[in-house]
Amino acid sequence: MSIINYTKTCSKNVPGVGKVFFSEVGNIDTITIGSNLVSAVSMDTTDNEFHEFQADLDSVEYRSEGAGGSSYFTNHMLEMGFGKLSASLFAAKASLVDSMPCGLVAIYIDGNGACWLVGWNDTDKEVRTLNTIADNFKTGKKPSDEDGNVFTITVSGESGYDIIPFDTTLTASIVDQTTAAEVFI
């Protein structure tokens, strides 16, 4: 592959992640990717869909770390913070843990309103998913400890490919929760 030009666009950049959705990889029938954009998602049954995880405001972060030489890999990490422990939070975490043997696929909406697919690529399909989970909790020492009493869940996975953006039609549908996205979210 030849090196290509990159032209910077002069536009506002808003950091952060708004919403996160997860599905077990086995629930996905097909994902259509054309021109490096996700244009369709089909689930194996109408009962299976991506499920929203409502983390605390400004606590969700996607990170990637890539490296390589003659081969290249990227470690994809999606971290979410949740205030206060609860039985329902532990049940939600357990559902993610139970999905790790086959893996997860995630959709997140970034601060710029773009939607991204993590844990799936057009080459490996369902093979290189988000397949590792870690959690962390600390109470804090005093009421003013801003990072105290926050439960953090991080899902991650390694692949040789970058995350994939959704096309403008599906992005609008995911953001607005309209008809095109209702078949999978």
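A few remarks follow.
Quick grid of which residues meet (1) at pLDDT 95 or above; (2) within 15 Å of the chain's Cα centre (by Cα); (3) assigned to a loop (DSSP other than H, G, I, E, B); (4) surrounded by 10 or more Cβ atoms within 10 Å (Cβ to Cβ):
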{"residue": "Asn5", "(1), (2), (3), (4)": "no, no, yes, no"}
{"residue": "Ser11", "(1), (2), (3), (4)": "no, no, yes, no"}
{"residue": "Gly18", "(1), (2), (3), (4)": "no, yes, no, yes"}
{"residue": "Ser42", "(1), (2), (3), (4)": "no, no, no, yes"}
{"residue": "Asn48", "(1), (2), (3), (4)": "no, no, yes, yes"}
{"residue": "Phe73", "(1), (2), (3), (4)": "no, no, no, yes"}
{"residue": "Leu89", "(1), (2), (3), (4)": "yes, no, no, yes"}
{"residue": "Tyr108", "(1), (2), (3), (4)": "yes, yes, no, yes"}
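- Single condition Ser23 does not satisfy, out of (1) over 11 Å from the mean Cα position of the chain (by Cα); (2) among the hydroxyl-bearing types (Ser, Thr, Tyr); (3) under 19 Å from Glu126 (Cα atoms): (1)
- Boolean, Leu57 is without any contact (Cβ under 8 Å) to a residue 24 or more places away in the chain and either in a strand (DSSP E or B) or of a type outside the set (Asp, Glu) (or both): yes
- Residue check, Ala67 surrounded by fewer than 17 Cβ atoms within 10 Å (Cβ to Cβ), without any contact (Cβ under 8 Å) to a residue 24 or more places away in the chain and in contact with a Phe, Trp or Tyr (Cβ under 9 Å, 6 or more places away or on another chain): yes
- Being assigned to a loop (DSSP other than H, G, I, E, B) and of a type in the set (Ser, Thr, Tyr) is a property that Ser95 lacks.
- Within the range 20-40, tally of residues that are surrounded by 13 or more Cβ atoms within 10 Å (Cβ to Cβ) and charged (D, E, K, R): 1
- Residues (at pLDDT 95 or above and under 14 Å from Pro101 (Cβ atoms)) located in the range 120-134: Thr129, Leu130, Asn131, Thr132, Ile133
- Answer residue from the range 134-185, given it is in a loop (DSSP other than H, G, I, E, B), β-branched (Val, Ile, Thr) and without any contact (Cβ under 8 Å) to a residue 60 or more places away in the chain and is nearest to Ala40 (Cα to Cα) among those: Thr178
The values are calculated or read from the model by the stated rules, or taken from the named source; none is laboratory data. A quick note: this is a predicted structure, and the numbers were derived from the prediction, not measured. Note: ideal-geometry Cβ built from the backbone for every residue, glycine included; neighbour counts use all protein chains shown.
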